[in-house]
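Written out below as structure tokens is the structure these notes cover.
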Number of protein chains: 2
Amino acid sequence: MRYELFYWPGIQGRGEYVRLALEDAGADYLDVGRGSPDQDLGVPALEMYLSGDATPRPPFAPPFLKAGDLVISHVANILQFLAPRLGLIGEQEDPRIWAHGLQLTLTDFIAEIHDVHHPLSSTLYYEEQRDEALRRADLFRRHRLPRFLEYFEQVLEQNPRGAEYLVGDEHSYVDLSLFQTVLGLRYAFPRAIGQLDDDLPKINALVARVAERPRVRAYLDSERRQPFNEDGIFRHYPELDGEH
Amino acid sequence: MRYELFYWPGIQGRGEYVRLALEDAGADYLDVGRGSPDQDLGVPALEMYLSGDATPRPPFAPPFLKAGDLVISHVANILQFLAPRLGLIGEQEDPRIWAHGLQLTLTDFIAEIHDVHHPLSSTLYYEEQRDEALRRADLFRRHRLPRFLEYFEQVLEQNPRGAEYLVGDEHSYVDLSLFQTVLGLRYAFPRAIGQLDDDLPKINALVARVAERPRVRAYLDSERRQPFNEDGIFRHYPELDGEH
């Protein structure tokens with residue numbers, strides 16, 4: 001099946017979590033948002049679904065995935081659907097529920113990371129909420145950043161099947177999502193995450209392992225991988241990373 | 001099976017979304033957090049799981065549900081697990097995926113509602129971020145509140161099986177979650193949601209319908225239902241509701 005991913009062009013954003021799974025599995029997919037409106041792709045194609053004109057089950061926001069007639073919204077929901085079909089999770093129910101819980105914790109983490117530069121509203125520019133962002137960033141670096149990362153470090157440490165994977169003894173989609181989150185944090189908060197580096201040996205090993213997966217490496221080196229930038233979730237504003 | 005719900009005592013919070021499903025289905029459950037530490041219940045029981053001492057798969061935060069040996073975290077994950085067992089969702093995969101997507105949109109909405117009074121960090125008191133909260137509340141009332149509510153109104157309107165239910169032609173756990181969210185908004189933002197009242201006839205009808213379900217009504221009238229208060233997600237601070 002050819003999957004159709006719907007996400008805003010120009011940023012990695014939340015769509016990247018789905019892209020990474022599709023790329024790692026070598027799946028056939030169309031990145032609709034990055035196509036041309038001349039070919040019925042691009043932003044107008046997204047908007048047709050968001051408006052409810054294309055489906056009686058409109059998504060609230062991108063990313064969403066079209067798989068045959070099915071329209072699936074929210075990263076965690078999409079990955080839960082795709083993972084068994086792409087070989088990115090095992091067969092049993094228990095580890096799947098555990099994996100989904102981890103993915104939802106990452107979802108919360110990612111929302112908090114985004115809100116560091118947008119503490120008031122996504123309807124305002126960063127520059128319009130910079131003072132509030134500075135206050136939030138300080139609290140984020142001191143409390144939430146270490147809290148989330150130490151949690152995932154602990155999950156790896158306590159995995160009875162070994163610290164190489166978050167779920168059981170197999171690579172899964174949750175490993176890919178943690179990988180992407182850490183790359184984003186290294187881009188946005190190099191100073192803050194650098195200070196935690198010694199406390200995160202298992203996470204760092206996981207990130208290094210995922211980066212060496214052949215299809216992940218090929219993808220990161222390709223033009224399909226858009227660079228991090230200051231329009232996405234992970235933005236490098238030095239002042240929010242504690243530089244004065 | 002007797003389910004064990006783990007959530008902080010003293011507030012409805014996110015735990016309430018799970019409680020409502022259990023109560024509506026007449027399920028047997030233990031509300032661990034509200035029990036006594038003398039009986040190995042209460043907050044120490046929660047902390048044992050959060051610390052990772054009780055399970056190699058520690059939740060990041062409450063609520064979590066124990067079902068036999070399984071520990072399930074995050075409201076949407078718990079409800080996805082419970083709903084088929086409690087008769088709160090149909091058998092088919094497509095509507096289940098749609099229901100889960102709607103629940104995850106509610107999850108995002110609830111997080112935004114919470115962050116109105118905590119725009120900087122949950123590690124600070126409201127009073128320490130009141131100025132930022134005032135700014136955020138204004139944007140929330142003008143943009144995000146109508147945006148989310150109009151979305152759910154549209155979902156009801158566009159439901160090919162009729163506007164009575166969010167998913168297909170049957171009552172589901174997502175209806176319960178929307179119900180709880182609207183009750184919370186009516187408590188926290190009576191003025192703002194009152195101004196939208198004429199635009200939300202389908203939502204209002206759904207809320208009235210759910211309130212008349214016998215077990216929901218019995219629950220709301222019982223001592224098991226804790227009142228809304230200013231420690232939970234939905235807090236009534238008149239200044240955040242646009243009163244000057």
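The values are calculated or read from the model by the stated rules, or taken from the named source; none is laboratory data. Quick caveat, the model's predicted, so the values are computed rather than measured. For neighbour counting, all protein chains shown are included, and Cβ atoms are generated from backbone atoms with ideal geometry for every residue, glycine included. For the accessible areas, the whole protein counts, side chains as well, though only heavy atoms, and no ligand, DNA or RNA atoms are used. Shrake-Rupley method; radii C 1.70, N 1.55, O 1.52, S 1.80 Å.
Starting from a label point 7 Å past Cα on the Cβ side, list the distances from A:Arg147 to the same position in the other copies, nm, shortest first.
Output for A:Arg147: 2.5 nm, nearest copy listed first.
Hey, got the dipole for chain A? About the Cα centre, +1 on K and R Cβ, -1 on D and E Cβ, debye to the nearest 20?
180
How long is the range B:3-86 along each principal axis, judged by its Cα atoms, biggest number first, in Å?
30, 25, 21
How far apart, in nm, are the 7 Å Cα→Cβ label points at A:Asp138 and A:Thr123?
Between A:Asp138 and A:Thr123, the simple spin-label model gives 2.9 nm.
For A:Gln92, what is the net charge nearby, where nearby means another residue's Cβ is under 15 Å from its Cβ and Lys, Arg count +1, Asp, Glu -1?
Every neighbour counted, the sum reads -3.
I need the Kirkwood Rh of the range B:198-244: take the reciprocal of the average 1/r across all distinct C-alpha pairs and report it in angstrom.
13.2
Per residue of B:80-93, count partner chain C-beta atoms within 10 Å of its C-beta, then hand back the mean as an integer.
Neighbouring Cβ atoms belonging to other protein chains average 1 per residue here.
Can you list the trypsin sites (Lys or Arg not before Pro) in the range B:142-236 that are in a DSSP coil and have 14 or fewer other beta carbons within 10 angstrom?
The qualifying sites are B:Arg161, B:Arg224.
Just to confirm the filter: which chymotrypsin sites (Phe, Trp or Tyr not before Pro) across the range B:98-182 are DSSP coil and have at most 16 other Cβ within 10 angstrom of their Cβ?
Counting only loop positions with at most 16 other Cβ atoms within 10 Å, the chymotrypsin sites (Phe, Trp or Tyr not before Pro) in the range B:98-182 are B:Tyr125.
Place a point 7 Å from Cα of A:Glu212 in the direction of its Cβ. Which residues in the range A:148-172 have their backbone N less than 14 Å from it?
Counting backbone N atoms under 14 Å from the label point, the list is A:164-165.
In Å² (nearest 100), what accessible area is buried between A and B, both sides summed, heavy protein atoms only, 1.4 Å probe?
4400
Calculate, for the range B:57-205, the solvent-accessible area per residue in square angstrom, rolling a 1.4 angstrom probe over the heavy atoms of the protein chains.
Normalised by residue count, the accessible surface of the range B:57-205 is 37 Å².
Could you pull the copy-to-copy label distances for B:Gln226, with points set 7 Å along Cα to Cβ, in nm to one decimal and sorted shortest first?
Ordered by increasing distance: 4.2 nm.
Under a plain spin-label model, where a point goes 7 Å from the Cα along Cα-to-Cβ, how far apart in nm are B:Leu220 and B:Gln154?
2.8
Average partner chain C-beta neighbours within 10 Å, per residue of A:67-74?
4
Quick check on the protein assembly as shown: of the DSSP beta bridges with both residues there, what percent are antiparallel, nearest 5%?
Once the DSSP bridges in the protein assembly as shown are tallied, antiparallel ones form about 70 percent.
Could you work out the mean count of beta carbons from other protein chains within 10 Å of each residue's beta carbon in B:144-154?
2
What's the local net charge at B:Ala163, with K and R +1, D and E -1, over the other residues with C-beta under 15 Å away?
-4
Under 11 Å from a point 7 Å along the Cα-to-Cβ line of A:Ala54: which residues of the range A:68-83 have their amide N that close?
Those under the cut-off are A:71-72.
Which of rounded, prolate or oblate describes the range B:143-244 when judged by the alpha-carbon gyration tensor and an a/c cut-off of 1.5?
oblate
Could you pull the Cα extents of the protein assembly as shown along its three principal axes, largest to smallest, in whole Å?
For the protein assembly as shown, the Cα spread along each principal axis is 60, 60, 49 Å.
Along Cα→Cβ at 7 Å, what distances in nm separate the B:Asp198 label point from those on the other copies, shortest first?
6.5
Quick check on chain A: what are the equivalent-ellipsoid semi-axes from the Cα gyration tensor, as sqrt(5λ), descending, whole Å?
28, 25, 16
In the protein assembly as shown, what percent of the accessible surface is made up of carbon and sulfur (1.4 Å probe, ligands and nucleic acids excluded)?
46
Can you list the residues of the range B:10-46 with backbone N under 18 Å from a point 7 Å past the Cα of B:Arg85, pointing along Cα to Cβ?
B:15-33
Per DSSP H run of at least 4 residues, take -39500 (n - 2.57); add these up for chain B, divide by its residues and hand me the 222 nm value, nearest 500 deg cm²/dmol.
Theoretical 222 nm ellipticity from helices: -15000 deg cm²/dmol.
Are there any GluC sites (Glu not before Pro) in the range B:193-244 that are in a DSSP loop and have at most 16 other Cβ atoms within 10 Å? List them by number.
Qualifying residues, ordered by number: B:Glu212, B:Glu223, B:Glu230, B:Glu243.
Along Cα→Cβ, 7 Å out, is where each label goes; now give me the distance between the ones at A:Ala205 and A:Arg2 in nm to one decimal.
Rounded to a tenth, the inter-label distance reads 4.2 nm.
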